[in-house]
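Novice: One structure, as structure tokens, below. Some questions next.
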Amino acid sequence: MFSTLETQPDIYAYPQPKFARPTIIGYIALENLKFAREVENKKVCYNLNLHIDKAKCKEQAIDVKLTELLKFLLHNEKHLTIRPESKLESAKFICYRGLLTCVACTPYEKQEPWKIVAILFKGHIYLCARKTEEKLRQIQNMTERDRRCTSWGYKFEQFVLSDDPLTDPNPDRPVDEEEEFSLVFNTTIKRHEILYGAEMDGVRCDKGSVESPPESNDREEVIKYLQSKEFIELKTNRHITNGRQDKNFKFFKTKKWWCQSFFVGIDNILCGFRNDDGIVEELKVYSLSEIKHMSRRFWDPNVCLNFLENFLTYVKRCLSKEIRRKHGDKALLDIRKLPLLGLMFECSPGCQVRVAEYCHDDDPILMDWFVNSFGRANEVE
């Protein structure tokens, strides 16, 4: 019924598509904004096991839905003026940054399959990742060591980030892994427009004085403040002690790190290198250009961006075919009035992307409170 999409890297090894630098258009949970006062290469001693037994952990088995992003869209509908598009080629993609990273890395993926749902609703396309059976089994079989390693990443942030630009970090308290600050971005890749949310680690305060965010509820004032700041991405990694570990680091880790940072306009990553006991002993700052250079034998960012652009085109092409099948050719002349329509996209490492029908009622991505309300503020008569 549907064609497939090839994933081999060689197919996408050509100059990257035009990608507009992401623009901040909103924020979620400003009260959780953090600040990094020291961003430098240095020796440290951070015990990531501190209060780990009291940490409030995320539920790993639960699928991440678009709930917080949908709340943001509904609350800011008038400000954003997201009008329903009548033509499928003009439909905006709405998703999270993690999904863009997952798709972009697909040509080089060797381990993790993925499933992505695409929902066409009122002229825009909502993309949401779902956990695969393999991922659920992996979560169910997590050892205590696996859970501890997951928590270490959150604890590292506490050692580096503070609640205020003028205060020091305070790791002497349990971590709440659900305490997140997110930005909402808008960008274009070739002819596709994308609106996406992304959890952000912290604002750099090491290059000069940084003031606290505005206390007012003026949305435009807060956005202007955030747009003027430079953010930093934080990562942890085990010490690299041999050639195999170095190869794995440059093939598996740096590709994802580069994509994550590139999609939100971050230029530098601070990595905490730890030992097997969860003690971070060294901090190292990587620029995106440095990451790209040192990993050039293993992956090419042009391939990642070209595949992402082709995937978005593919999603629209498949939706077009589904609209024709269910509603006829005339329905493509004005997609705003179509009932909610969904497709499931799946890919295993080294295989083509496949498409299947998707029943939204069985696993709703868009909640009733959103479906019944969104679009009214800017409804076209």
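The values are calculated or read from the model by the stated rules, or taken from the named source; none is laboratory data. Here the structure is a predicted model, which means the values were calculated and not measured. Neighbour counts are summed over all protein chains in view; Cβ atoms, including those assigned to glycine, are modelled from backbone coordinates with ideal geometry. The area values use the complete protein model at the heavy-atom level, side chains included, leaving out ligands, DNA and RNA. Shrake-Rupley method; radii C 1.70, N 1.55, O 1.52, S 1.80 Å.
Novice: With +1 assigned to the C-beta of every Lys and Arg and -1 to the C-beta of every Asp and Glu, and no other charges, what is the dipole magnitude of region 1-158 about the Cα centre in debye, to the nearest 20?
Specialist: The dipole of region 1-158 has a size of about 420 debye.
Novice: Say each of Arg191 and Arg145 gets a label point 7 Å from the Cα, pointing the same way as Cα to Cβ; how far apart are those two points in nm?
Specialist: 5.2
Novice: Mind checking which aspartates and glutamates have their C-alpha under 15 Å from Lys122, skipping anything on the same chain fewer than 8 residues away?
Specialist: Cα-Cα hits under 15 Å: Glu77, Glu85, Glu89, Asp334, Asp368, Glu379, Glu381.
Novice: Give me the net charge for the shell around Met367: Cβ to Cβ below 11 angstrom, other residues only, Lys and Arg +1, Asp and Glu -1. Please report the intermediate quantities before stating the final value.
Specialist: On the way: positive: Lys65, Lys71; negative: Asp368.
In short, +1.
Novice: Taking a cut-off of 17 Å between Cα atoms, list the aspartates and glutamates near Lys247, but don't count ones fewer than 8 places away on the same chain.
Specialist: Qualifying aspartates and glutamates at Cα under 17 Å: Glu109, Glu290, Asp300.
Novice: Are there trypsin sites (Lys or Arg not before Pro) in region 1-81 that DSSP puts in a loop and that have at most 16 other Cβ atoms within 10 Å, and which ones?
Specialist: Sparse-neighbourhood loop trypsin sites (Lys or Arg not before Pro): Lys18, Lys58.
Novice: What distance in nm separates the simple spin-label points at Ser228 and Asn372, each placed 7 Å from Cα in the Cβ direction?
Specialist: 4.3
Novice: What is the distance, in nm, between label points placed 7 Å from the Cα along the Cα-to-Cβ direction at Lys58 and at Ser348?
Specialist: Those two pseudo-labels are separated by 2.7 nm.
Novice: Could you let me know the centre-to-centre spacing of region 4-61 and region 229-278, using Cα atoms, in angstrom?
Specialist: 10
Novice: Determine, from the Cβ-Cβ distance of His239 and Arg173 and an R0 of 25 Å, the FRET efficiency 1/(1 + (r/R0)^6), rounded to the nearest 0.05.
Specialist: The computed FRET efficiency comes out at 0.40.
Novice: Carbon and sulfur atoms: what percent of the 1.4 Å accessible area of region 284-341 do they account for? If you can, show how the numbers build up before the last one.
Specialist: On the way: 1350 of 2740 Å².
Here carbon and sulfur together make up 49 percent of the probe-accessible area.
Novice: Helix-derived [θ] at 222 nm for the chain: sum -39500 (n - 2.57) over DSSP H runs of at least 4, divide by residue count, nearest 500? Don't skip to the answer; put the middle values down first.
Specialist: Working: 11 runs with 108 residues, N = 381.
That comes out to -8500 deg cm²/dmol.
Novice: For Arg204, list long-range residues whose amide hydrogen, built 1.01 Å from N in the peptide plane, is under 5 Å from its own amide hydrogen.
Specialist: Residues meeting the amide H criterion: Ala36, Glu230, Phe231, Ile232.
Novice: Still on this structure, please answer the following. Distance check, please: which entries in Lys58/Lys131; Lys92/Lys330; Lys92/Lys115; Lys110/Lys235; Lys131/Lys256; Lys18/Lys207 exceed 23 angstrom between their Cα atoms?
Specialist: In this structure, Lys18/Lys207 lie more than 23 Å apart at Cα.
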